[in-house]
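The values are calculated or read from the model by the stated rules, or taken from the named source; none is laboratory data. Remember, predicted model here, so these are calculated numbers, not experimental data. With ideal geometry, Cβ positions are generated from the backbone for all residues, glycine too; neighbour counts draw on all protein chains shown.
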Amino acid sequence: MKKLYFAVLVGLGIVNIASAQDATFGGLEKAMDPGTYQRAGLQKLTSGERAVLDEFVKNYVMAKQKDAAAVAAAQAVDRAVKERRVSPPEVIESRIVGPYKGYGLRTIFRLANGQSWQPTNSEIVTISPIESPNVAIYRDMFGYKMFIEGASIVRVKRVH
């Protein structure tokens, strides 16, 4: 029950951060001081071009905040598990940062939630690159397995 309560609180925190950012961004013209806006030459853009730029900046910032919130949530869960306040999650969901091209003896999978995992077998697997695939890590009786969307399942161990 504690684990469920903790997960709900973390989830609500992530949603609140994303919705707060969406509600507060009024565009670059309002976010910048007039001098900076002028020096950047943004007044020369059409209203349509400014709208596209504003939407890009808003989405970029929201994505960065969402990633930061996911890292903070993972760190909070790790700290709670380490302090034995909750048990580890049954499934960890995240995505690989950057392209996935396969794995080998020295591969480290760096995830968007801040965790790093390494294959435990000695196989060398190469595939066509997949950009930032989603992953799900789950525990079985022999350790952990990572399901990589669009690729395969790899037995892994956590390195950070």
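Exactly one condition in (1) among the hydrophobic types (A, V, I, L, M, F, W, C); (2) over 16 Å from the mean Cα position of the chain (by Cα); (3) not assigned by TED's automatic domain parsing to the domain that holds residue 24 is not met by residue 56; state its number.
(3)
For residue 75, only one of the following conditions fails: (1) modelled with pLDDT of 85 or more; (2) loosely packed, with under 15 Cβ neighbours inside 10 Å; (3) not hydroxyl-bearing (Ser, Thr, Tyr). What is its number?
(1)
Among residues belonging to the range 116-139 that are among the β-branched types (Val, Ile, Thr) and outside any strand (DSSP E or B), point out the one that is surrounded by the fewest Cβ atoms within 10 Å (Cβ to Cβ).
Checking each candidate, the answer is 124.
Taking the range 1-52 as the search range and keeping residues that are hydroxyl-bearing (Ser, Thr, Tyr) and more than 30 Å from residue 80 (Cα to Cα), which one is modelled with the lowest pLDDT?
Ranking the qualifying residues of the range 1-52, first place goes to 24.
Restricting attention to the range 103-112, does a residue exist that is surrounded by 12 or more Cβ atoms within 10 Å (Cβ to Cβ), β-branched (Val, Ile, Thr) and outside any loop (DSSP other than H, G, I, E, B)?
Looking for residues that are surrounded by 12 or more Cβ atoms within 10 Å (Cβ to Cβ), β-branched (Val, Ile, Thr) and outside any loop (DSSP other than H, G, I, E, B), one finds none in the range 103-112, hence no.
Those residues that are of a type in the set (D, E, K, R) and in a helix (DSSP H, G or I), I need them from the range 27-76; list them, please. Outline the logic, then answer.
Of the residues in the range 27-76, the ones of a type in the set (D, E, K, R) are 29-30, 33, 39, 44, 49-50, 54-55, 58, 64, 66-67.
Correct list: 29, 30, 39, 44, 49, 50, 54, 55, 58, 64, 66, 67.
Could you please let me know if residue 77 is among the β-branched types (Val, Ile, Thr) and touching a residue at least 60 places away in the same chain (Cβ under 8 Å)?
On the way: among the β-branched types (Val, Ile, Thr): yes; touching a residue at least 60 places away in the same chain (Cβ under 8 Å): yes.
So residue 77 passes the test.
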